[in-house]
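Shown next, in structure tokens, is the structure this report addresses.
The values are calculated or read from the model by the stated rules, or taken from the named source; none is laboratory data. Note that the coordinates shown come from a computational prediction; the quantities given were computed from them, not determined experimentally. So basically every Cβ, Gly included, is an ideal-geometry build from the backbone, and we count neighbours across all protein chains shown. For accessibility, only protein heavy atoms count, side chains too; no ligands or nucleic acids. Shrake-Rupley method; radii C 1.70, N 1.55, O 1.52, S 1.80 Å.
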Amino acid sequence: MSRVDKINYYLDIAQTVSERCTCIRRNFGAIIVKNDEIISTGYVGAPRGRKNCTDLGYCTREALKIPRGERYELCRSIHAEANAIISASRSQMIGATLYLVCVDYKTKELVAGTNSCAMCKRMIINAGIETVIIRDTKTDYRIITVNDWIDNDDSLEGKLGY
């Protein structure tokens, strides 16, 4: 029996965290790890005390056919990365790695090629997180050096994430 490698181990945990999501479009799970210790977790959901899309039975952005990466102000949810970041202290996050997984709500399949949205990228940068690892398949993933987001500022080019 072979052991799962460390990156996929943490991605498996992030994928399990995504099962708590209350978004009816995409289920993201995020964990922040530093020195081989999980600092915090986060998943997509409405702010505490507010109704979730799963409670309401609809998604405003989906009902209006808004494409991915646009009009986030209409979304009821806080993104997984943001929820993980607000649950940890900055001193714990400096130099840490954020693991991110996206699962399609309807098909329950992994969504390859996803990325953090522009706002989450900004939060990740300011949190001091060094690396983001995003799962594409059960065993394949991308490793992103956060400094690349600083050096290649997509907010200057009008590119969108998620």
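Evaluating residue 34 against the criteria (1) under 26 Å from residue 5 (Cα atoms); (2) open to solvent by less than 40 Å² (accessible area, probe 1.4 Å) leaves one unmet condition, (2).
Within the range 25-46, residues that are assigned to a loop (DSSP other than H, G, I, E, B) have Cβ atoms under 6 Å from residues that are of a type in the set (S, T, N, Q) in these pairs: 44/77; 46/52; 46/77, counting only partners at least 6 apart in sequence or on another chain.
With the structure loaded, tell me whether residue 63 is modelled with pLDDT under 95 and over 13 Å from the mean Cα position of the chain (by Cα) or whether it fails that test.
yes
Within the range 135-146, identify whether any single residue is farther than 17 Å from residue 7 by Cβ, surrounded by 13 or more Cβ atoms within 10 Å (Cβ to Cβ) and out of contact with any Asp or Glu (no Cβ under 6 Å at 6 or more places or on another chain), and answer yes or no. No, there is no match, as no residue in the range 135-146 is farther than 17 Å from residue 7 by Cβ, surrounded by 13 or more Cβ atoms within 10 Å (Cβ to Cβ) and out of contact with any Asp or Glu (no Cβ under 6 Å at 6 or more places or on another chain).
One residue stands out among those in the range 39-48 that are buried (at least 17 other Cβ atoms within 10 Å of the Cβ) and modelled with pLDDT of 90 or more: the one that is nearest to residue 18 (Cα to Cα), which is 43. Looking only at residues in the range 58-105 that are without any contact (Cβ under 8 Å) to a residue 12 or more places away in the chain and assigned to a loop (DSSP other than H, G, I, E, B), the one that is most open to solvent (accessible area, probe 1.4 Å) is 65. Residue check: is residue 129 in a loop (DSSP other than H, G, I, E, B), touching a residue at least 60 places away in the same chain (Cβ under 8 Å), open to solvent by less than 50 Å² (accessible area, probe 1.4 Å) and among the hydrophobic types (A, V, I, L, M, F, W, C)? It is true that residue 129 is in a loop (DSSP other than H, G, I, E, B), touching a residue at least 60 places away in the same chain (Cβ under 8 Å), open to solvent by less than 50 Å² (accessible area, probe 1.4 Å) and among the hydrophobic types (A, V, I, L, M, F, W, C). Taking residue 51 as the residue in question, decide whether it is assigned to a loop (DSSP other than H, G, I, E, B), open to solvent by 60 Å² or more (accessible area, probe 1.4 Å) and farther than 19 Å from residue 20 by Cα. Criteria not met by residue 51. For the range 106-126, a tally of residues being buried (at least 17 other Cβ atoms within 10 Å of the Cβ) and either of a type in the set (Asp, Glu) or outside any loop (DSSP other than H, G, I, E, B) (or both) returns 6.
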